[in-house]
Amino acid sequence: MLHSINGMGKVLIVGSIALDSVSTPFGQVEEALGGAAVYAACAASLLAEVRLVGVVGDDFPQGHLDFLAQRGVDLRGVQRIEGGKTFRWRGRYEYDMAQAKTLATDLNVFADFRPEIPPEYRDSEIVFLANIDPELQLSVLKQVEKPLLSICDTMNFWIEGKRDELLKVLSRVDLALMNDAEVRELTGHASLLKAGRAALELGPRYVVIKKGEHGAVLLSEGHYFAAPSYPLPTLRDPTGAGDSFAGGLAGFLAYTGDVQEANLRRALVIGAIMASYCCEQFSLDRLRDVTHEDLLRRYGELRDITAFGELG
Ligand code: AMP
């Protein structure tokens, strides 16, 4: 397995395409390639055909689009606004690297983003709605045919500002992806188990809670699974880790065409591995070179470090 793209499934990804300026204790970049949809597309395209929907200005370097096209990412859904400026995000991480401090968000052309799903994208098997306005997420769900699995991400901004719309999204998607702080805020439960179960009651068949360097958990009715994070000796920039996780998960599900619980567990581990590669370098500088062999090696290592035998 993982030797070639078997063409089973296509992944539709909708979200931000950005120029990121990021500083961490280990370095900094100015206006580097970023955006939630770009990280997810880069990770997913190692395993499946990706269809991207987003918006850029005419200042967006052609080389970045060429890079995605070379990975087989279908860019027919990327709108280029003449005379417009690309979305820019500036953030800083302190030493614990757990939480970005946002220094500036310049929405630019992203402010008027209205995702239009090209007709050729509508039969995508896996749909990943990255962190955008839940109203826009809903509009995408209305434009696609019944996918095998739809996945949504979100953030505190929407939990606080567009709760009703977000609840509508959650009642319609198959898998909700959130970090620990978000699921606690959404449900009002401090216990992650309780919060995860309460999120399931909002509609999705699966809830995945990302816990950064402490791994991720998968909840479904009556089931709980904990995936580890890969223990990284070199962590330079965690920007995009959550989106790389989502892209790895979505890409693997499309690659295998299997969205049953047992395979979702594997998909979480693939997501965790993609996130680990993302964090090793700034922007997509490590993620872009990951191979199937790299994935398989870390998959084996994660299995070994989490296996514990029977007692006695
Ligand atoms: P993550 O580190 O996984 O939370 O994702 C970081 C990526 O999200 C960066 O590449 C940013 O360009 C992008 N981003 C930051 N703020 C926003 C926002 N308000 N809406 C959409 N994307 C964003």
Query raised in the report: Can you sort Met274, Met178 so the residue with the fewest Cβ neighbours within 10 Å comes first?
Result: Met178, Met274
Query raised in the report: For region 234-312, what is Rg from Cα atoms divided by 2.2 N^0.38 Å, rounded to two decimals?
Result: 1.17
Report summary line: The answer for the per residue Cα convex hull volume of the chain, in Å³, is 133
Query raised in the report: About the Cα centre of the chain, what is the dipole size in debye to 20, counting +1 per Lys and Arg Cβ and -1 per Asp and Glu Cβ, all else neutral?
Result: 420
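Just how many % of Cα pairs in region 178-312 lie over 22 Å apart, if you round to the nearest whole percent? Provide the component values of the computation, followed by the final result.
Numbers: 3484 of 9045 pairs.
Across region 178-312, Cα pairs with separations above 22 Å total 39 percent.
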Requested in this report: With a ≥ b ≥ c taken as the square roots of the eigenvalues of the C-alpha gyration tensor of region 43-166, please select rounded if a/c is under 1.5 and otherwise prolate if a/b is larger than b/c or oblate if it is not?
Outcome: rounded
**Report entry** Reachable lysines, given that their alpha-carbon falls under 26 Å from the alpha-carbon of Lys101 and they are not under 8 places away in the same chain
**Finding:** Lys85, Lys162, Lys210, Lys211
Query raised in the report: Using 7 Å Cα-to-Cβ label points, what is the Phe308/Phe67 separation (nm, one decimal)?
Result: 4.1
Query raised in the report: Just from its helices, what would the mean residue ellipticity at 222 nm be for the chain, if runs of 4 or more DSSP H residues each count -39500 (n - 2.57) and the sum is divided by every residue, rounded to the nearest 500 deg cm²/dmol?
Result: -11000 deg cm²/dmol
Query raised in the report: Is the shape of region 91-229 best called rounded, prolate or oblate, per the rule: a/c under 1.5 gives rounded, else a/b larger than b/c gives prolate, else oblate, with a ≥ b ≥ c the square roots of the Cα gyration tensor eigenvalues?
Result: oblate
Requested in this report: Using a 10 Å Cβ count of at most 12 others and DSSP loop calls, identify the longest part of the chain lacking such chymotrypsin sites (Phe, Trp or Tyr not before Pro).
Outcome: 96-307
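Bear in mind that the values in this text are calculations on the coordinates, not laboratory data. In this text the structure is predicted, and so the values were computed from the model without any measurement. Every residue, glycine among them, receives a Cβ derived from its backbone with ideal geometry; neighbour counts consider all protein chains shown.
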